[in-house]
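Student: Got a structure for you, questions after.
The values are calculated or read from the model by the stated rules, or taken from the named source; none is laboratory data. Note that the structure is predicted; figures quoted are calculated from it, not measured. All Cβ positions, even for glycine, are placed from backbone atoms using ideal geometry, and neighbour counts span all protein chains on display. We work out accessible area using only protein heavy atoms, side chains counted, and drop any ligands, DNA or RNA first. Shrake-Rupley method; radii C 1.70, N 1.55, O 1.52, S 1.80 Å.
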Amino acid sequence: MPEISRKAAGPYYMARKSIFANCRINGYNTPIINSGERTMSVASVVYLVVPCYNEEAVLPETVKRLADKLRRMMADGKASPASRILFVDDGSRDRTWALIEEYHHADPLVSGLKLTHNRGHQNALLAGLMAARKRADCAVSLDADLQDDIEVLDQFIDRFHEGCDIVYGVRSRRDTDTAFKRVTAQGFYKLMRLLGAEVVSNHADYRLMSRRALDGLSEYHEVNLFLRGIVPTIGYKTATVTYERRERLAGESKYPFRKMLGFALEGITSFSVRPLRLISNLGLLFSAASLLGLLYALISYFCGWTVPGWTAIVCSIWLLGGIQLLCVGILGTYIGKIYSEVKARPRYLIEAFLENPDDSAENNR
Ligand code: UDP
Ligand code: MG
């Protein structure tokens, strides 16, 4: 059981509220807080939020490992007995939801949230985090394939208990990736920073967020969701925990190259307007260059050097045409984003929520 001073206990004050609620409502065997002393021992309600899209191949093993880990954390006093694993079914077309239902009935630690339609990893994650926000002291997001090492969850909780509101899981090495993925991922992080977005290098979506960080996240209403870029702008005290990322346990990646490229573009255009400024600069540069060209053409004309000039004309048409198309494309991407933000459609809709009646948000907030 961790012992901490009250001064350093930021999240504990929130933990206290829900733990007392749990004592009262759930009848859990929760740890006792001696508020008259300078130290107190509490275990936080931890929600592990796992988005799943067609994950029937990996789910049985994932449930087993996560439930085992959460039980060990409860035994060590790192997680309260009210902690849960929340699987979010992102409109899967296989037996993922049927399996989640089965596991929910078999194990009280398993809760399930079913979205009405496939909304993508980021939206599924958000749906799970927003459900956890009303029930937990902190939530950890992780992928269903357990590529992220769950043994470092204790370190996440330790940092949380030390007063950090956001803890980022950072990969120590990328050697389980293909050379291509390694190079493109590193280039992406560099480019994002160059364009002015705050991103944590080699961090995907394996992170812990406290309840108040989740409250902060709930204030972001954007439809073009890129959590890796949003979360660092929430603020509060943060920490990183390094871990080694493994191969997928089973099944195949839901992020083929095409989707990954889309995700990277989404990240860049959601977080930086610098490409737009770049277009204006490019325009200025080419205008200056064409002035020089004009000067050269005039001099040539007056000096009688004029030649048919076919090559020069054709080259400039192609070059300028290409650049113009590129610029219009970039502008279009941003306009498209404005279009979807203005429509403000819901980011996800919930079809079903499986949880024990004692876990419900009304009992915890
Ligand atoms: N995922 C999701 N909706 C999607 C695509 C993926 O919820 O539309 C989930 C998927 O089930 C997994 C996580 O997002 O838990 C990350 O996907 P994956 O492991 O396939 O990505 P990779 O690790 O290969 O980048
Ligand atoms: Mg994966």
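Student: Can you tell me which residues in region 240-255 are open to solvent by 20 Å² or more (accessible area, probe 1.4 Å) and more than 16 Å from ligand 2 (Cβ to nearest atom)?
Tutor: Within region 240-255, the subset open to solvent by 20 Å² or more (accessible area, probe 1.4 Å) is 240, 242, 244-255.
Once the filter is applied, which keeps residues that are open to solvent by 20 Å² or more (accessible area, probe 1.4 Å) and more than 16 Å from ligand 2 (Cβ to nearest atom), region 240-255 yields T240, T242.
Student: If you don't mind, another one. If I filter region 61-76 for residues that are at negative phi and assigned to a strand (DSSP E or B), do I get at least one hit?
Tutor: no
Student: Determine if region 93-100 includes at least one residue that is open to solvent by less than 20 Å² (accessible area, probe 1.4 Å), more than 16 Å from ligand 2 (Cβ to nearest atom) and in a helix (DSSP H, G or I).
Tutor: Going residue by residue through region 93-100, those that are open to solvent by less than 20 Å² (accessible area, probe 1.4 Å) are 96, 99-100.
Checking the rest, the ones that are also more than 16 Å from ligand 2 (Cβ to nearest atom) come to 99-100.
Subsequent filtering for residues that are in a helix (DSSP H, G or I) retains 99-100.
Scanning region 93-100 turns up at least one residue that is open to solvent by less than 20 Å² (accessible area, probe 1.4 Å), more than 16 Å from ligand 2 (Cβ to nearest atom) and in a helix (DSSP H, G or I).
Student: Only one of (1) modelled with pLDDT under 90; (2) under 22 Å from L48 (Cβ atoms); (3) open to solvent by 40 Å² or more (accessible area, probe 1.4 Å) is not met by A204, so which one is it?
Tutor: So the condition that A204 fails would be (3).
Each row is one residue, and each column tells you yes or no for (1) buried (at least 18 other Cβ atoms within 10 Å of the Cβ); (2) touching a Gly at 6+ places or on another chain (Cβ under 7 Å); (3) among the polar types (S, T, N, Q).
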site	(1), (2), (3)
N123	yes, no, yes
G128	yes, no, no
A132	yes, no, no
I157	yes, no, no
F160	yes, no, no
F180	no, no, no
K190	no, no, no
V199	yes, yes, no
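Student: May I pose another question? Given the conditions (1) surrounded by 16 or more Cβ atoms within 10 Å (Cβ to Cβ); (2) at pLDDT below 90; (3) under 25 Å from F87 (Cβ atoms), which single one is not true for L217?
Tutor: Unmet for L217, out of (1) surrounded by 16 or more Cβ atoms within 10 Å (Cβ to Cβ); (2) at pLDDT below 90; (3) under 25 Å from F87 (Cβ atoms): (2).
Student: Which fully enclosed helices (runs of 4 or more DSSP H) of region 144-221 have 2 or more residues being aliphatic (A, V, I, L, M) and under 30 Å from R277 (Cβ atoms)?
Tutor: The qualifying helices (runs of 4 or more DSSP H) are 179-194.
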